[in-house]
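K.L.:
One structure follows; several queries about it will come next.
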Amino acid sequence: ARQNRQPFAVFERDMERRVQHNLALLGDLRRALSAEGELNLVYQPVLGCEDRRVTHVEALLRWQHPHLGPIPPGDFVPILEQSSLIQPLTDWVLDRALDEIGPLWRSERIGVCINVSPQNLVGRDFVGTVREALARHNLPTDALGVELTETQLMAQDSLGPITETLRELTNAGIKVWLDDFGTGSSTLVRLQQLPATGLKIDRGFTQNLAENRRNRDLVRISVDIARLLGLEIIAEGVETKSDYDAVSVLGCDAGQGYFIARPMPVDKLVDFVRESAPE
Ligand code: C2E
Ligand code: CA
Ligand code: CA
Ligand code: CA
């Protein structure tokens, strides 16, 4: 019996520690939202498969904790999503992204996508918030896109309220991308009803395409689904030239990944855009 109880005690202690840790992180984040320079955005370009020009960029959050150092978004965004803090955080991301990418929109027509959580899309006027932010930055709706993961979307009890918001967004000209496509459990029926601009194939399926026939088939099927539904399709996690060529041949519209460019601060991005523009 003693043998059996020990692991549980350990588990309980771990859990308590984790709860404490998460609470502390939430407090730190609340502070970080009003502190200068702790939160930042980096941008990863999405490149068209045909013309190999930047179509738009994705904003990715970075948190430099004063004591713990850099904390990846995967370690704190899920905690935030359990709290009301996800709202001010997304507002912050929206405002910062429009502020930093606005000049690139004006000079090169390069817009920005932000990652949103399902909680951002229900229970408040998200479209109104977005419209206000765009107006404040003097930008049109087509300068902005939102990304929502397939898993989070399909986990909703009812897709009704979210679908409503997504429809308002797409009707307004704001792009909607279904993120990490292939890892969730969309049915074709649900996909067909989804007001979206396109799919982003999860990086789990876009690697080693020359050797991995299963991945190749999954990319091909995703492209077929996108075509069938009239959606655009981006391959995420493109890490090699060979994979970029493969997703291009398989019919993806655009690619994103370390082979093309790592996420970078806005000043580096401006250089990247200049250097990648054709003569
Ligand atoms: P995501 O939206 O799927 O973003 C792509 C992630 O893959 C990013 O990780 C990016 O740095 C990484 N990545 C890009 N290219 C490659 C590649 O070629 N190979 C590999 N192995 N990885 C690549 P990151 O920045 O750590 O973000 C992780 C996740 O955190 C994001 O996944 C997104 O779901 C979430 N996230 C990031 N920023 C925000 C935000 O502002 N708000 C919300 N709600 N979530 C965010
Ligand atoms: Ca994303
Ligand atoms: Ca993704
Ligand atoms: Ca992801």
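K.L.:
Please enumerate the residues belonging to segment 230-245 that are away from ligand 3 (no atom under 16 Å from the Cβ), part of a loop (DSSP other than H, G, I, E, B) and open to solvent by less than 20 Å² (accessible area, probe 1.4 Å).
P.N.:
Selection gives nothing.
K.L.:
For segment 87-133, which residues satisfy the criterion of being among the aliphatic types (A, V, I, L, M) and within 16 Å of ligand 4 (Cβ to nearest atom)?
P.N.:
V93, I114, V116
K.L.:
If you take the residues of segment 171-229 that are free of Cβ contacts under 8 Å to residues at least 40 places away in the same chain, part of a helix (DSSP H, G or I) and charged (D, E, K, R), which of them is farthest from F126 (Cα to Cα)?
P.N.:
That would be R213.
K.L.:
Please tell me if T170 is on the phi < 0 side of the Ramachandran plot, surrounded by 15 or more Cβ atoms within 10 Å (Cβ to Cβ), away from ligand 2 (no atom under 16 Å from the Cβ) and under 18 Å from the mean Cα position of the chain (by Cα).
P.N.:
Spelling it out, T170 is indeed on the phi < 0 side of the Ramachandran plot, surrounded by 15 or more Cβ atoms within 10 Å (Cβ to Cβ), away from ligand 2 (no atom under 16 Å from the Cβ) and under 18 Å from the mean Cα position of the chain (by Cα).
K.L.:
List the strands (runs of 3 or more DSSP E) inside segment 26-118, counting only whole elements, that have at least 1 residues being of a type in the set (D, E, K, R).
P.N.:
Because the criterion is at least 1 residues that are of a type in the set (D, E, K, R), the strands (runs of 3 or more DSSP E) in segment 26-118 that meet it are 54-65.
K.L.:
Inside segment 72-101, can you point out the residues that are under 17 Å from the mean Cα position of the chain (by Cα), of a type in the set (A, V, I, L, M) and away from ligand 3 (no atom under 16 Å from the Cβ)?
P.N.:
I79, L80, I86, L89, L94, A97, L98, I101
K.L.:
Could I ask something else about it? Checking L148 against (1) away from ligand 4 (no atom under 16 Å from the Cβ); (2) of a type in the set (A, V, I, L, M, F, W, C); (3) within 30 Å of P103 (Cα to Cα), which test does it fail?
P.N.:
So L148 meets the others, but not (1).
Every residue, every condition in (1) closer than 18 Å to V116 by Cα; (2) out of contact with any Gly (no Cβ under 8 Å at 6 or more places or on another chain), yes or no:
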position: I174; (1), (2): yes, no
position: S185; (1), (2): no, yes
position: L209; (1), (2): no, yes
position: L218; (1), (2): no, no
position: V249; (1), (2): no, yes
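K.L.:
Being surrounded by fewer than 17 Cβ atoms within 10 Å (Cβ to Cβ) and more than 16 Å from ligand 1 (Cβ to nearest atom) narrows it down to one residue among Q156, Q192; which is it?
P.N.:
Selected residue: Q192, the only one of Q156, Q192 that is surrounded by fewer than 17 Cβ atoms within 10 Å (Cβ to Cβ) and more than 16 Å from ligand 1 (Cβ to nearest atom).
The values are calculated or read from the model by the stated rules, or taken from the named source; none is laboratory data. Only a predicted model underlies this, so the values are computations on that prediction, with no experimental measurement involved. All Cβ positions, even for glycine, are placed from backbone atoms using ideal geometry, and neighbour counts span all protein chains on display. Ligands, DNA and RNA are stripped out before the accessible areas are found, and what is left, the full protein with its side chains, is counted by its heavy atoms. Shrake-Rupley method; radii C 1.70, N 1.55, O 1.52, S 1.80 Å.
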